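> The structure is given below, and queries will be raised subsequently.
Every number in this text was worked out from the coordinates using simple rules, so none of it is lab data. Given the structure is predicted, the values throughout are model-derived calculations rather than measurements. Using ideal geometry, Cβ is built from the backbone for each residue, glycine included, and neighbour counts are taken over all protein chains shown.
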Amino acid sequence: MAMMVSTRSNAENSVFKFGLTPVFLSNDLELLGHLRIYLASSIGGPVELITRRTYQEITALLVSGQIQSAWICGYPYVQFQSELDLVATPVWQGKPLYQSYLIAAADRDADRWQDLRGDVHAFSDPDSNSGFLVTRALLAENKLLPGAFFSRSFFTYGHRNVIRAVSSGLAQSGSVDGYVYEVMRETEPALINQTRIVRKSEWLGFPPVASPKSLAHDLRIGALQQALISMGDSPEGRKVLDLLRLDGFLVTDPSLFDTIAAEVEIVRQFG
């Protein structure tokens with residue numbers, strides 16, 4: 001028993017590794033600096049922010065327990081729900097919800113998703129809900145595959161990159177996170193103004209922060225959860241929320257992601 005306590009103590013004294021996927025506006029160095037400082041002070045130990053190019057890489061690290069927590073997408077959360085615990089979900093514009101947007105060039109004559117048939121289409125990531133799954137499920141509901149509907153599609157591995165691809169003409173349309181799109185409307189209006197929204201999806205569970213069930217007894221997970229839900233109570237935390245354009249974080253029930261799970265099932269049944 002003493003050996004087990006010692007092992008656990010050593011684990012909890014090590015660097016806390018927090019993963020970030022491209023859902024997160026992770027190229028903002030100011031934001032990353034404030035987030036790391038806030039989490040380290042709240043958890044009471046060193047924090048390392050882990051970024052990777054793809055959702056799959058971060059999800060693999062998370063599920064295997066190589067990182068202690070991560071801000072992931074609702075799609076991988078649903079895929080690995082039996083192995084992950086929800087820590088907290090961001091609140092944006094008053095709700096822990098967001099939408100997926102189908103976008104096209106600003107001067108494009110396209111008012112319905114059907115008008116995008118034959119396009120070169122930019123997706124974000126194969127494990128992204130808003131940047132792939134929503135569009136894949138929409139097509140599946142209509143007995144269509146992306147390869148049959150679009151002339152060609154490709155992955156940009158970042159929602160900002162989807163917007164850049166459409167605005168530059170590299171793609172004729174794209175699937176993108178509505179939260180990222182609306183934040184960029186504030187931060188990069190010139191880029192957004194070169195695009196237009198063709199379709200908004202239903203409201204879906206916002207990309208959550210999750211941790212491995214195998215680390216459920218790590219006291220730092222509880223400290224992380226408390227840090228997230230009380231983020232607005234400190235100057236450093238408020239700075240992070242302001243940079244993210246978020247209201248805060250909530251503890252939510254897994255059922256918030258049932259709509260995404262239904263999309264997964266639609267795609268699975270269609271094949």
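> From largest to smallest, what semi-axes in whole angstrom does the chain give when each is the square root of 5 times an eigenvalue of its alpha carbon gyration tensor?
34, 21, 15
> Quick one: work out the % antiparallel among DSSP beta bridges in region 100-201, nearest 5.
60
> If each residue's Cβ is checked for other Cβ atoms within 10 Å, how do GLU182, GLU236 rank with the fewest at the top?
GLU236, GLU182
> While we're looking at this one, here's another question. Please report the antiparallel percentage of DSSP beta bridges with both residues in the chain, rounded to the nearest 5.
60
> How do SER82, SER100 rank when sorted from fewest to most other Cβ atoms within 10 Å of their own Cβ?
The order, fewest Cβ neighbours first, is SER82, SER100.
> Moving on to the next point. What percent of all Cα-Cα pairs in region 100-201 falls in each 5 Å bin, counting up from 0?
Pair shares across the bins are 3, 15, 28, 29, 17, 6, 2, 0.
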